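To start, the structure under review is shown below, and the notes come after it.
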Amino acid sequence: MKNVLRFGLGSAILVGSTFLAMPETAEGFTTIGGSLNLGQRDFRHFNDFTGAANNNTVIHPNWPQYTGAELAMWKGGAEWNSRSHGDGSGDSSQSLVGSGDADFSFFWEGDASGIGGSNDNIISSLGGSSGGVLAYTETPISTGWRIRFYRDSWSWQDGPGTVSSGIDIQGVACHELGHALGLGHTGVSGSTMTAYISGSGQPQRSIQSDDIAGVQSIYGALSSSMPSISSITGSMVPGGTITITGTGFSTSTNRIWLQSDVVNGANSGGDHATIPDVPSTNGGTQISVALPASGWEGGALHVKRSTGSGGELLSESHPFDGGGVGGGNDTINFSISDTTPNAGQTITFSADSAPANQPYTVVWANSDNSPFFATFNGTVRTGTTDGVGALSFSRTVPNAGAGRTFYMEVQVAGEDSNTVQLNVN
Ligand SMILES: [Zn+2]
């Protein structure tokens, strides 16, 4: 049985009696017990927000390949990271993103295709009345967590600039991910981890000294030996060679963590794509490595030094505008009307947020060969997206599909969608 930590709006009208049980003292940070090991640093977002929660369509160069609610979630997590994400820019409300100064960084894995289980490290939303609650985190955390936002009760805003009305996704994400990493609430006003917010919650985007003391108490203060990335250059395409410049790399056994292109709603979708046993040169300051031909996509990259489990082994996140199979951007929203159809049933395939008036291909594989996709082995349909970058068509599930699982995605003009798992009865 999972417990939940709720985050409410600090209005006397909206705060229900259930909140009176929340521990809050004038003391500083609290912890909920447990910590995230290096295998639990991933976090993903199942983006089922609509409207103003996804109206930012401008990609920031320090945060490649993500916009809308996903970008807000990503930045909300990256604020806890050991060091600044890239040059730290991309949020006009704070001087830099990435302020944790602890042996801890989240690993942004991008999209998920569902809400996942309570240990799958996925942020999603849910409908219904919240009784004054904005969002909650399911704990304990050590084997994973799940965060839910109340979608229908609030006017969620993705920013990225000032949020003057509604509730700020990034600020609330930063708070909830503070629970995910092991913090409880604090009595120090102005901190991200206060139990209530007033206004939009935008100030919660920026962690404060009490929050930093909290994350350091769990994971230790930032070690000077932690690898750090200052730049990534080269050919950022499948098979290309990149040069990673930084400090603290292992002589012979670095691991490069890339975002996997497996986008499912289970824990296995959180596994990073890894390039193992990569040496460094120039006194541990430079890595030259070939990118795999498939299985990864762009967004962020980390370097993990050698083996082991200490948080000081994993670098902070660094922007990585690379492209995996099919473009690797996951910027297209793909859905199927019924993901557990019967053979012979007609189902509808829909996508939006794709490039307009461009040829599309819907591809499928009957195995995800986890953690990497095998070469896609079929095409469902080709066509052309409409003037707003959407497509929709129906197909009858063939009888030969009975009892099989398929993985499907849409590819348009070098971009690809989330992957949808189809389980045919
Ligand atoms: Zn909370």
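Just one of the listed residues (Ala293, Ala273) is open to solvent by 30 Å² or more (accessible area, probe 1.4 Å) and small (Gly, Ala, Ser), namely Ala293. Within the stretch 116-150, the set of residues being farther than 23 Å from Ile32 by Cα and in contact with a helix residue (DSSP H, G or I) (Cβ under 8 Å, 6 or more places away or on another chain) comprises just one member, Gly131.
Checked against (1) of a type outside the set (A, V, I, L, M); (2) in contact with a helix residue (DSSP H, G or I) (Cβ under 7 Å, 6 or more places away or on another chain); (3) within 22 Å of Arg83 (Cβ to Cβ), Gly246 passes all but condition (2).
Taken over the stretch 163-214, the criterion of being more than 15 Å from the ligand (Cβ to nearest atom), touching a residue at least 60 places away in the same chain (Cβ under 8 Å) and more than 15 Å from Met73 (Cα to Cα) is satisfied by Gly166, Ile212, Ala213. Quick one: is Ile141 closer than 30 Å to Gly310 by Cβ, touching a Leu at 6+ places or on another chain (Cβ under 9 Å) and free of Cβ contacts under 8 Å to residues at least 40 places away in the same chain? Criteria not met by Ile141. Does any residue of the stretch 280-289 turn out to be outside the structural domain of Gly90 (by TED's automatic domain parsing), in contact with a Phe, Trp or Tyr (Cβ under 9 Å, 6 or more places away or on another chain), under 25 Å from Glu409 (Cα atoms) and surrounded by fewer than 22 Cβ atoms within 10 Å (Cβ to Cβ)? No, that holds for no residue.
Residues in the stretch 201-214 that are touching a Ser or Thr at 6+ places or on another chain (Cβ under 7 Å) and closer than 20 Å to Thr162 by Cα: 6 in all.
The values are calculated or read from the model by the stated rules, or taken from the named source; none is laboratory data. Predicted model only: the values in this text are computed from it and were never measured. Note that we place each Cβ from the backbone using ideal geometry, even for glycine, and neighbour counts take in every protein chain shown. Keep in mind that these areas ignore ligands, DNA and RNA; they rest on the heavy atoms of the full protein, side chains included. Shrake-Rupley method; radii C 1.70, N 1.55, O 1.52, S 1.80 Å.
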